[in-house]
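Every read-out reported here was derived from the displayed coordinates using simple, explicitly stated rules and does not represent laboratory data. Note that this is a predicted model, so its numbers are computed, not measured. Ideal geometry is used to build each Cβ from the backbone, glycine not excepted, and the neighbour counts take in all protein chains shown.
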Amino acid sequence: MVWFDRNVIGKKDAEGEESQTAPEPAKTGSQPVPIALTPESGAKMEIAPEPAESALVGYLYKGCRISGQLTFQGAARIEGNVDGEVHCHGTLTIGEGAEVRAKITGQVVTIRGRVEGNVTAKEKVELIAPARLYGNINAPRLVITEGVVFDGDCSMGVAKQKGGVASSNSVSADRAAAGQAPLLDPGSDS
């Protein structure tokens, strides 16, 4: 998008007089910086890039098909078809129209489409309707909304450590309780 300033230095205004007003300074924020062109100098001011969706480094559009290994060094979004492996060092979003048959790893993995394969995340996995995941999840946090199909196992690293300690304590507690319980003789009437 390009914006032009109506009162550029040296430009004539409606009354035929030459305007000597300078362009207003660019505002910071989500709007791009306007480009001011002057016929005399031909100088340009750079346009600031519009903020993209979480500064995506990769976007696989609907209708694209990839086979092999994909590696993203930042946030990425997949709307097409992928067969193989996907590694993302950021937030990976699988869109509603996407069909992925791959082993997926990433910081945060958000799934809205169809995935067949195991998903591993360092922070969390989000399954948002109408997601369909046929595979196992390994992540410390899992968010599943209503309407999602998930067929597989979920493993949460922190739960494994706590579960192992808790199960060994409960087994020893059960043994101790069994050893201290009074023995009843079924043949005695007392």
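At 7 Å along the Cα-to-beta-carbon direction for both K62 and E85, put a label point, then send me their distance in nm to one decimal.
Here the modelled spin labels are 3.1 nm apart.
From the phi angles alone, apply the Karplus equation (6.51, -1.76, 1.60; θ = phi - 60°) to the stretch 119-124 and give each ³J(HN,Hα) in whole Hz, x where the residue is Gly or Pro.
After applying 6.51 cos²θ - 1.76 cosθ + 1.60, I find 10, 10, 10, 6, 10, 6 Hz.
Going by amide H atoms built from the backbone, whose H comes under 5 Å of the H on G84, apart from near neighbours?
When sequence neighbours closer than 5 places are left aside, the close amide H contacts are G68, R101, A102, K103.
Collect residues whose amide H, placed 1.01 Å from N in the peptide plane, falls under 5 Å from the amide H of V115; neighbours closer than 5 in sequence don't count.
Correct list: V100, R132, L133, Y134.
With θ taken as phi - 60° and the coefficients 6.51, -1.76 and 1.60, list the Karplus ³J(HN,Hα) couplings across the stretch 89-105 in order, rounded to whole Hz; mark glycine and proline as x.
Once rounded to whole Hz, the list reads 8, x, 8, 10, 10, 9, x, 4, x, 7, 10, 10, 10, 7, 7, 10, 10.
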